[in-house]
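J.: The structure's right below; bear with me while I get my questions together.
The values are calculated or read from the model by the stated rules, or taken from the named source; none is laboratory data. In this text the structure is predicted, and so the values were computed from the model without any measurement. Here the Cβ positions follow ideal geometry from the backbone for every residue, glycine too, while neighbour counts run over all protein chains shown.
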Amino acid sequence: MLFAGHMVLAYFLNQALKRKFQLYFTFSLPLLFAASILPDLDFLFSPVIPHHTITHSLTFWSLICLALIIIKKQAALPYVIAVLSHFLIGDIITGNPTLFYGLSNQTFGNIRSDLSSLYGADYGMLYLALVEAAIVSMFVVYAISGRGVPSIFSFPMKHVLIFGIVLLLILVGTLKSQILFVVTNQNEIIYISYAIIVLSQMIFAAIITKGTIKISIRNVAD
Ligand SMILES: [Zn+2]
């Protein structure tokens, strides 16, 4: 998944768990969004750290998440869910993370890589774009007809800044490989895929910056 996909997934999971188990944890939306894309910081260290390896593994995150839960208790839960959902759900659907990196080279998911090897990398990209469009469409329906989504600017500016920095770092890290991919795979499928991807990200960005409900900041844990 891409930015919007991972963030929506983390948001939906937290909302669903809150309702299902009647948990009363609250979270900061910009920090939750930042946590949901953290594993993709590996783009910055490519090719020293290849994408979908150590930062997309339980080997790496299990200790960090455990420490966070011990220190911050229930308040850490939304962010732990956000990070883990990135590679245990999101990238299993559209990528092939090495979940036990360091212990095993086994990759999980492989739908997109199988599609790419069968029909070409452009169809793999189209699959990624369609998944992204589907999850953003669900978010749009939720935001306008469900319980609504608050603006990220209803939260402390410090949190918005952290989110912005994480987003920017990953964008810078991924830019080179995206440009290379388009240059080496020029065809209509790629153009359509990127158009769907860009449109999905823009719609998502419009919703989370504007918000569809107003919230009181006193309800939000730091
Ligand atoms: Zn990822």
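J.: Given the criteria closer than 20 Å to residue 3 by Cβ, β-branched (Val, Ile, Thr) and either within 16 Å of the ligand (Cβ to nearest atom) or out of contact with any Ser or Thr (no Cβ under 9 Å at 6 or more places or on another chain) (or both), does residue 55 qualify?
T.: In short, yes.
J.: Would you mention how many residues in the stretch 49-64 are touching a Leu at 6+ places or on another chain (Cβ under 7 Å) and surrounded by fewer than 19 Cβ atoms within 10 Å (Cβ to Cβ)?
T.: 2
Conditions tested, residue by residue: (1) within 27 Å of residue 109 (Cβ to Cβ); (2) modelled with pLDDT under 90.
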| position | (1), (2) |
| --- | --- |
| 8 | yes, no |
| 15 | yes, no |
| 19 | no, yes |
| 35 | yes, no |
| 45 | yes, yes |
| 50 | yes, yes |
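J.: Moving to a separate point now. In the stretch 162-190, what residues are surrounded by fewer than 17 Cβ atoms within 10 Å (Cβ to Cβ), β-branched (Val, Ile, Thr) and closer than 18 Å to residue 119 by Cα?
T.: 182, 184, listed by residue number.
J.: Now a separate question. Restricting the first residue to the stretch 191-212 and requiring it to be surrounded by fewer than 15 Cβ atoms within 10 Å (Cβ to Cβ), which pairs with a second residue that is not in a helix (DSSP H, G or I) meet a Cβ separation below 9 Å and a spacing of at least six or different chains?
T.: 209/151; 210/151
J.: Restricting the first residue to the stretch 162-175 and requiring it to be under 14 Å from residue 45 (Cβ atoms) and touching a residue at least 40 places away in the same chain (Cβ under 8 Å), which pairs with a second residue that is surrounded by fewer than 17 Cβ atoms within 10 Å (Cβ to Cβ) and among the hydroxyl-bearing types (Ser, Thr, Tyr) meet a Cβ separation below 8 Å and a spacing of at least six or different chains?
T.: Pairs that qualify, where the first residue is under 14 Å from residue 45 (Cβ atoms) and touching a residue at least 40 places away in the same chain (Cβ under 8 Å) and the partner is surrounded by fewer than 17 Cβ atoms within 10 Å (Cβ to Cβ) and among the hydroxyl-bearing types (Ser, Thr, Tyr), are 173/46.
J.: Right, next: Under 9 Å by Cβ, and 6 or more places apart or on different chains, what pairs join a residue from the stretch 53-66 that is under 12 Å from residue 40 (Cβ atoms) with one that is of a type in the set (A, V, I, L, M) and within 11 Å of the ligand (Cβ to nearest atom)?
T.: That search, which allows pairs on different chains as well, returns 55/38; 55/41.
J.: Something else now. Condition first: within 15 Å of the ligand (Cβ to nearest atom) and without any contact (Cβ under 8 Å) to a residue 40 or more places away in the chain. Can you find one or more residues in the stretch 94-103 that meet it?
T.: So far as the stretch 94-103 goes, no, none of its residues is within 15 Å of the ligand (Cβ to nearest atom) and without any contact (Cβ under 8 Å) to a residue 40 or more places away in the chain.
J.: Here's another thing I want to ask about it. Restricting attention to the stretch 1-59, report how many residues are of a type outside the set (A, V, I, L, M, F, W, C), part of a helix (DSSP H, G or I) and more than 18 Å from the chain's Cα centre (by Cα).
T.: Qualifying residue count, the stretch 1-59: 4.
J.: Of all residues in the stretch 4-36 being in contact with a Leu (Cβ under 7 Å, 6 or more places away or on another chain) and among the hydrophobic types (A, V, I, L, M, F, W, C), which is surrounded by the most Cβ atoms within 10 Å (Cβ to Cβ)?
T.: The qualifying residue surrounded by the most Cβ atoms within 10 Å (Cβ to Cβ) is 10.
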